[in-house]
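What follows is a short report on a single structure.
Just so you know, all these numbers are worked out from the coordinates, no wet-lab data involved. All values reported here derive from a predicted model rather than from experimental measurement. Note that we place each Cβ from the backbone using ideal geometry, even for glycine, and neighbour counts take in every protein chain shown.
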Amino acid sequence: MLSHCDGTVGTQLSTPSGIRTRATGVKGRRPRPLDDGGAGGEYRCPVHEIRRFADDDFDQVFELLDTRSRAVLGSSEEERGYLRRRLDVPGTDSFVALGSGRIAGHAALGEDQEIAVCAADARSSDALFETVEARARERGFDHLALTAAPEDEALCSLARRTGFVLDREIWRMWRTLDGELAEPRWADGATVRTYTDDDGEQVHALLDAAYAGWDRDYVARGHEGWLAFMTQHDEFDPALWFLVERDGALVGCSLHWAAHQNRGWVKDIVVAEGERGRGLGRALLQHAFRAYAERGVERVGLKVDSSNPTGARQLYECVGFVTDRRYEIWTKTL
Ligand SMILES: CC(C)(COP(=O)(O)OP(=O)(O)OC[C@H]1O[C@@H](n2cnc3c(N)ncnc32)[C@H](O)[C@@H]1OP(=O)(O)O)[C@@H](O)C(=O)NCCC(=O)NCCS
């Protein structure tokens, strides 16, 4: 479900410190948020009018998120292209709250059962939450998850008063690419290459198996949606997606966003269960560091579930990543 190494280079720009998810330049047509055939028409509540998000709302919604980020974190960690991508993911329901003729709030519900709520006032956020919760029940979801910076008192307070429980933390980490970069040592028989278009399905399947193997709340995305989210934008650079094979079979991969303003980002890294503990994860990251350094990248970021039981946090620490920000994951059983 939630960010495993999630995020985007774009959202990391303003500080050494960006929340999820995760750039401008979306290529090709992707389904509109309403294409899922879900609840049509308007939702109404006693305090505010809630309606479906429409394209013309985009600027005001971005402004809301940007303002919140500056107020809560001291600088904006929002990025327009990334917001566009998130809203365009197939299966995303997106709503706005109207107040005094302006958009007073926005909420989104993804097929991964994660919600995002941002509002100028508590009444709007409550009304939006009521709407997304009702929609989640209609869609047959069994739980909801929400990511909040602990500094975001308004969002944490919404989570508390609507029955969410604090589940775990996501840490954001950075690795500065200074000094000599270690040369990767590949386990015997393992070979590395970059991604091609033909690899989409097997890479997606490897990620799903690895995440579902430990994350009880992991919700796999449909392949079309995953591919669009991962590849149909400017942050996709196949030369920075590394695949490890043994005897022609895919046994690991690390997927990295394109270098942006001298920063890189580890989007996903997984090693097949039977291949773990042989240094492949470390070698993949070291390989990526060198590729990024050749492109002039000065530091590489990622996000990790601090309680990842497969040793991801330890892997990152052992190759030099340092934590600079923490996010709380709240969940609610429906
Ligand atoms: C996390 C993952 C990629 C590690 O891959 P790996 O190839 O097994 O890791 P390596 O063998 O290169 O380990 C390198 C270092 O990481 C740490 N590490 C790796 N697995 C660990 C574990 N289970 N417990 C504690 N530390 C661990 C160790 O410090 C290890 O060094 P050491 O072997 O010298 O002690 C792999 O377990 C995986 O695919 N997990 C599921 C997918 C996932 O959650 N990915 C992370 C997304 S953020």
Worksheet item: Once the other residues with Cβ under 14 Å from the Cβ of Leu158 are scored (Lys, Arg +1; Asp, Glu -1), what is the net sum?
Response: -2
Worksheet entry | Mean-position separation - Cα centroids, region 131-178 and region 225-298, in angstrom | 27
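Per-residue ellipticity at 222 nm for the chain, helices alone: DSSP H runs ≥ 4 residues times -39500 (n - 2.57), over residue total, nearest 500 deg cm²/dmol?
On the way: 8 runs with 95 residues, N = 334.
About -9000 deg cm²/dmol.
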Discussion item. Once each part is reduced to its C-alpha centroid, what is the distance from region 314-334 to region 90-126 in angstrom?
Written reply: 25
Worksheet item: In debye to the nearest 20, how big a dipole does region 147-277 give about its Cα centre with +1 on each Lys and Arg Cβ and -1 on each Asp and Glu Cβ?
Response: 440
Worksheet entry | Signed unit charges on C-beta, dipole axis of region 174-327, positive-most listed residue Gly311, Leu280, Leu207 | Gly311
Discussion item. Could you tell me how many cubic angstrom of Cα convex hull volume region 174-327 has per residue?
Written reply: 117
Fill in: Loop-located GluC sites (Glu not before Pro) in region 170-234, at most 14 other Cβ atoms within 10 Å (DSSP)
Glu180
Response to the item:
Two pseudo-spin positions, 7 Å from Cα along C-beta at Glu294 and at Glu138, lie apart in nanometres by 5.0
Discussion item. Counting other beta carbons within 10 Å of each residue's own, what order do His233, His287 fall into, fewest first?
Written reply: His287, His233
Worksheet item: In nm, to one decimal, how far is the modelled label at Thr333 from the one at Trp214, with both set 7 Å along Cα→Cβ?
Response: 2.4
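From the mean inverse distance of alpha carbon pairs (Kirkwood) and the Cα radius of gyration, derive Rg over Rh for the chain.
On the way: Rg = 19.7 Å, Rh = 20.4 Å.
A ratio of 0.97.
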Item to complete: Would you mind working out the magnitude of the charge dipole of the chain relative to its Cα centre, with +1 at each Lys and Arg C-beta and -1 at each Asp and Glu C-beta, to the nearest 20 Debye?
Response: 420
